[in-house]
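The values are calculated or read from the model by the stated rules, or taken from the named source; none is laboratory data. These figures come from a predicted structure and were not determined experimentally. Cβ sites come from the backbone with ideal geometry, for glycine too, and all protein chains shown count toward neighbours.
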Amino acid sequence: MKNVLVLGGHLDDSVIAVGGLLRRFVDQGYRVSVMCFGNGDEGFTHVSQRGQVVKQLAVEAVEAHKVLGIDDFVCHNLSDFAVQENKETYRHCIAAIRRTQPEIILGHYWLEYFQHRAMARLSCDSWWQAGWDCSADLGAPWKARALYHFEVIHSMPEPTHIVDITSTFAAKVEAWKQFVTAQAHLGEMLDQMEARARFYGSKIGVKYAEALTRSYFIPDRVLDPAKEL
């Protein structure tokens with residue numbers, strides 16, 4: 001069984017960005033794990049909701065990922081605005097990579113607001129560091145084959161891969177609908193997801209698609225340029 005790990009900033013990022021791709025991986029027999037940090041504590045639109053929003057979103061996030069066939073979902077329960085690069089978050093990312101032993105890591109792209117920018121750096125650095133023979137308390141070293149960045153809100157200027165999700169777009173929509181609490185402040189997200197998926201689909205001649213940009217933060221090793229370049 002091949003493994004995939006998503007390193008997300010917030011509870012819903014994996015669904016919004018690559019929900020269709022994750023469902024495709026599951027359908028093809030992959031083991032998909034999602035780890036995130038932000039617990040949705042800023043997702044209230046009325047002060048009276050403040051005390052309940054974290055608990056409600058936690059339940060909704062679990063249900064959303066179940067729709068995608070994902071039962072390995074971990075949130076480290078940080079405040080939304082506390083998703084930053086530091087020792088704690090770095091070690092959590094390394095530990096997640098070593099625990100799940102993914103072939104592929106999916107993480108945020110740089111061109112977004114500061115929490116997502118922080119996750120882009122954390123994804124690259126922890127991908128690299130997880131393969132080192134150090135920090136033994138976090139598990140045995142593991143080097144994933146590839147890291148791909150995804151977009152949540154802002155478009156990536158030059159994606160390297162566009163993935164057909166026509167067969168799984170309905171599952172992505174159903175997963176997003178589980179975030180009932182988020183609809184009050186992200187009510188237009190469904191329209192945005194569809195528009196983005198249709199746009200990328202038009203690029204490759206399908207109905208719906210999602211975009212990725214491959215990271216070369218760890219460069220490919222070339223031993224025989226005649227065969228490998």
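Here are the numbers for the structure shown:
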quantity: Residue 112 out of contact with any Cys (no Cβ under 9 Å at 6 or more places or on another chain) and either buried (at least 18 other Cβ atoms within 10 Å of the Cβ) or part of a strand (DSSP E or B) (or both); calculated: yes
quantity: Condition met for residue 217 (under 18 Å from residue 22 (Cα atoms) and either hydrophobic (A, V, I, L, M, F, W, C) or within 19 Å of the chain's Cα centre (by Cα) (or both)); calculated: no
quantity: Members of the stretch 112-132 found to be more than 13 Å from residue 7 (Cα to Cα), of a type outside the set (Phe, Trp, Tyr) and more than 15 Å from the chain's Cα centre (by Cα), listed by number; calculated: 129, 130, 131
quantity: Residue tally, condition in contact with a strand residue (DSSP E or B) (Cβ under 8 Å, 6 or more places away or on another chain), among the hydroxyl-bearing types (Ser, Thr, Tyr) and not in a helix (DSSP H, G or I), over the stretch 174-223; calculated: 3
quantity: Selected residue (criterion: modelled with the lowest pLDDT) from residues of the stretch 179-194 that are among the polar types (S, T, N, Q) and surrounded by fewer than 20 Cβ atoms within 10 Å (Cβ to Cβ); calculated: 183
quantity: Test: residue 157 is out of contact with any Pro (no Cβ under 6 Å at 6 or more places or on another chain), over 16 Å from residue 6 (Cβ atoms) and assigned to a loop (DSSP other than H, G, I, E, B); calculated: yes
quantity: Some residue of the stretch 142-154 being farther than 18 Å from residue 34 by Cα and within 15 Å of the chain's Cα centre (by Cα); calculated: yes
quantity: Answer residue from the stretch 115-130, given it is in contact (Cβ under 8 Å) with a residue 40 or more places away in the chain and either outside any helix (DSSP H, G or I) or small (Gly, Ala, Ser) (or both) and is surrounded by the fewest Cβ atoms within 10 Å (Cβ to Cβ) among those; calculated: 118
